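Novice: Before we start, here is the structure in question, set down as structure tokens.
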Amino acid sequence: MRKLVLIPLAAAAAVAVPATAASAAPPFLKVAPNRIHLGETTTITGSQWPVIEFCKRRVRLRLESDQNAVLIGFTRIKDNGRFSRNFTPKKSRIGAGHWRVVARLRCESGEDGSANFITRKRKLRILR
């Protein structure tokens with residue numbers, strides 16, 4: 001009886017490992033520093049973003065909180081799959097608090113042309 005209980009647990013553990021590995025899969029997004037004061041500059045960088053015919057070469061960058069969303073802008077992906085953009089939050093548009101930098105790339109399905117989005121998020125803490 002014990003062998004039957006262990007087999008499903010081992011199978012569940014084997015399935016859980018790829019899901020964890022998939023969360024760290026490319027493309028990557030980095031925000032440095034991730035804790036800044038209003039008026040200070042942070043650098044948003046991306047690497048290993050796809051450069052293929054089915055994907056646009058522009059990434060949309062937004063700053064989101066639980067209540068607000070602000071467009072940072074767009075940045076172009078280079079041939080090597082990297083991008084970089086500096087961002088300075090202004091007091092008149094953004095308040096202090098916990099935010100997320102969201103990078104979104106629009107790609108198309110190879111089958112029917114429907115939109116598929118690649119999205120990555122990183123935390124940003126803005127202090128007064």
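Novice: Starting from 0.36 nm per residue, how many nanometres of slack lie between residue 82 and residue 34 once their C-alpha separation is accounted for? Spell out each step's value before the answer.
Specialist: Working: separation 48, 0.36 × 48 = 17.28 nm, distance 1.91 nm.
Contour length minus the Cα-Cα distance gives 15.4 nm.
Novice: Computed on alpha carbon atoms, what radius of gyration and Dmax characterise the range 47-111, expressed in Å?
Specialist: 14.0, 45
Novice: Enter the accessible area of residue 66 (Å², nearest 10), with the probe set to 1.4 Å and all protein chains included.
Specialist: Residue 66 has an accessible surface of roughly 150 Å² with all protein chains in place.
Novice: Please give every one of the lysines within straight-line cross-link reach of residue 78, meaning a C-alpha to C-alpha distance under 26 Å, and leave out same-chain neighbours fewer than 8 residues apart.
Specialist: Result set, ordered by chain and number: 30, 56, 121, 123.
Novice: I want to check the label-to-label distance for residue 106 and residue 121. Put each point 7 Å from Cα in the C-beta direction and report it in nm to one decimal.
Specialist: The modelled label-to-label distance comes out at 2.1 nm.
Novice: Also: If you count only protein heavy atoms and use a 1.4 Å probe, how large is the accessible surface of residue 78, to the nearest 10 Å²?
Specialist: About 120 Å², rounded to the nearest 10.
Novice: Quote the relative contact order of the range 20-128 in percent (integer), defining contacts as alpha-carbon pairs under 8 Å separated by 6+ residues.
Specialist: Details: 235 pairs, mean separation 34.6, N = 109.
RCO, the range 20-128: 32 percent.
Novice: In addition: Based on the mean of other Cβ atoms within 10 Å per residue, sort peptides 82-89, 50-57 so the most packed one is first. Walk me through the numbers before you get to the answer.
Specialist: Working: 82-89: 16.1, 50-57: 13.1.
The densest-packed peptide leads the list: 82-89, 50-57.
Novice: Residue 47 versus residue 128, label points 7 Å from Cα toward the beta carbon: distance in nm?
Specialist: 3.8 nm
The values are calculated or read from the model by the stated rules, or taken from the named source; none is laboratory data. Keep in mind that what you see is a predicted model, and the values were worked out from it rather than measured. Positions of Cβ are backbone-derived with ideal geometry, glycine not excepted, and every protein chain shown enters the neighbour counts. Protein only, heavy atoms only, side chains kept; ligands, DNA and RNA dropped before computing areas. Shrake-Rupley method; radii C 1.70, N 1.55, O 1.52, S 1.80 Å.
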